[in-house]
Amino acid sequence: MRANIRQLRPYSAVEIPCRIKLDANEAPYGLVPGPIAVDTNRYPDPEARELRNHLAHTLNVDAENILLGNGSDEVIYHLITSLGGPVLYPMPTFVMYGIIAQTLGETSVAVPLGDDFDLDTNAMTEAIRRHNPKVIFMSSPNNPTGNSFNRETILEILSLSRGIVVIDEAYQPYSPRPSVVPMISRYNNLYVMRTLSKVGLAALRVGFLVGAAEGIEELNKVRLPYNVNALSQRMALMALQDGRLTEQNTKTVIAERQRLFEGLSRLDGITAYPSDANFILIKTANAKTLHQRLLQSGILLKDMTSALENCLRITIGRPEENTELLKAMAEARGTTL
Ligand SMILES: *Cc1c(COP(=O)(O)O)cnc(C)c1O
């Protein structure tokens, strides 16, 4: 076993039994599929043409600008496999950038975020000059902090970087700010990553990258031919063409985010951070105790304390789940905070 693999701490996707699951940034509603037909004896369309065409159409780009992955996790894998390192990203952020870089034996440069969890412009530009990264990942809105990064700083990084800059827009459907997809034609080193996982289709494992056709063509060489299976292709297309599922999720989540944010802010001893995503980060003394206490009443949040002191991440659930969470937190407050 190679040393980088022996030292790797795998992404812990442990299933903790719970009644109300608010730990993984999944959407509150899923697809209720009608009958779907696929020729199970045939391989799926290796190019996923129909799905890619649909995505291209909605994003106002060409199908040649889109690389599909088995979730955006796989797209990250393709990027780092093709480009190599160093891989640079702000910290804290989505952990897979670092895990996949290490898996592939590439070095990572993690640059701490600045005030208000925004990019530290000086630290980022300094690190880019020093390490000359082949690829930079910036999740905006950022997981786990929930904020979007300053657009001017992103533009500065795009101009400065000789490597590829990937803006991970996993949470874009929930953000009030515009996507950077239209900027792809202006910056040939800009790539935008998206996923269907946060809008109600996590089970399907569909993620994708949007960018210049020449770059997508190169990345496409490392993609395994049938990486998105036939059921996922068909169901994703169905759900996107219909549109009701994603619409219901975005509408509910955005309204509930506001209600939950106000409710959390009213609780003594809790700091809730503003969010453009489908989750809210909170800070409180004894976060671990609160996490455990909520779990005892069946509510699972994400313990972020190893990345951010005394912080928990709360995925926005269904209205009734959020109400129950607020009640349980108010009750736990007296004893834990
Ligand atoms: C959840 C998440 C992903 C993973 O998406 P998949 O398509 O499910 O692999 C990617 N980026 C960020 C920032 C995420 O939070």
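The values are calculated or read from the model by the stated rules, or taken from the named source; none is laboratory data. Everything numeric here is computed off the predicted structure, so don't read it as measured data. No Cβ is skipped: glycine too gets one built from the backbone with ideal geometry, and neighbour counts run over all protein chains shown. Only protein heavy atoms, including side chains, enter the accessible area calculation; ligands, DNA and RNA are left aside. Shrake-Rupley method; radii C 1.70, N 1.55, O 1.52, S 1.80 Å.
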Once phi for every residue in segment 41-48 is put through the Karplus expression 6.51 cos²θ - 1.76 cosθ + 1.60 (θ = phi - 60°), the whole-Hz ³J(HN,Hα) values, with Gly and Pro written as x, are 7, 9, 5, x, 4, x, 9, 6
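At a threshold of 8 angstrom on Cα-Cα distance, excluding pairs fewer than six apart, so keeping six or more, what relative contact order does the chain reach in percent?
Numbers: 626 pairs, mean separation 78.5, N = 337.
Here the relative contact order equals 23 percent.
Using only the Cα atoms, what convex hull volume per residue in Å³ does the chain have? Walk me through the intermediate numbers first.
Working: hull volume 48.5 nm³, N = 337.
Hull volume over Cα atoms, normalised by residue count, gives 144 Å³.
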The chain, Gaussian network, Cα under 10 Å: of N278, N143, N65, the residue fluctuating most is N65
Which residues qualify? For L88, with a placed amide H closer than 5 Å and at least 5 residues away or on another chain, they are V109, V135, I136, F137
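Which whole-number percentage describes the relative contact order of segment 122-263, with Cα contacts under 8 Å and a sequence gap of 6 or more? Working shown, then result.
Numbers: 157 pairs, mean separation 24.9, N = 142.
Relative contact order comes out at 18 percent.
Of the chymotrypsin sites (Phe, Trp or Tyr not before Pro) in segment 183-229, which ones lie in a loop per DSSP and count no more than 15 other C-beta atoms within 10 Å?
Numbers: sites: Y187, Y191, F208, Y226; in loops: Y187, Y226.
Within segment 183-229, the qualifying chymotrypsin sites (Phe, Trp or Tyr not before Pro) (loop, at most 15 other Cβ atoms within 10 Å) are Y226.
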HN-Hα couplings for segment 199-212 via Karplus (6.51, -1.76, 1.60; θ = phi - 60°), in whole Hz with x for Gly/Pro, come out as 10, x, 10, 4, 5, 7, 6, 10, x, 7, 10, 10, x, 4
In order over segment 6-15: 3J(HN,Hα) from phi, Karplus 6.51/-1.76/1.60, θ = phi - 60°, whole Hz, x for each Gly or Pro, gives 4, 7, 6, 9, x, 4, 8, 9, 6, 8
So the carbon and sulfur contribution to the accessible area of the chain, 1.4 Å probe, in percent, is 50
Candidates E324, E74, E169; GNM for the chain (alpha-carbon contacts under 10 Å) flags as most fluctuating E324
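Using the heavy atoms of the protein chains and a 1.4 angstrom probe, tell me the accessible area per residue for segment 43-116 in square angstrom. List each step's numbers first, then the result.
Working: 3230 Å² over 74 residues.
Value returned for segment 43-116: 44 Å² of accessible area per residue.
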Placing +1 on each Lys and Arg Cβ and -1 on each Asp and Glu Cβ in the chain, then taking the dipole about the Cα centre, the residue among G298, I254, T40 whose Cα reaches farthest towards the positive end is G298
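Per residue of the chain, what 222 nm ellipticity follows from adding -39500 (n - 2.57) for every DSSP H run with n ≥ 4, rounded to the nearest 500? Let's see the in-between values first.
On the way: 11 runs with 127 residues, N = 337.
It comes out at -11500 deg cm²/dmol, rounded to the nearest 500.
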The aspartates and glutamates whose Cα lies under 19 Å from the Cα of K134, excluding any fewer than 8 residues away in the same chain, are D73, E74, E106, E126, E156, D168, E214, E217, E218
Most fluctuating of A48, A24, A37 in the GNM of the chain (C-alpha, under 10 Å) is A37
Once the in-chain neighbours fewer than 8 apart are removed, the aspartates and glutamates whose Cα is under 13 Å from K302 read E15, D23, E26
Expressed in µm² per second, the diffusion coefficient of segment 240-295 from the Stokes-Einstein equation, with Rh the Kirkwood radius over alpha carbon pairs, at 20 °C and 1.002 mPa s, is 166
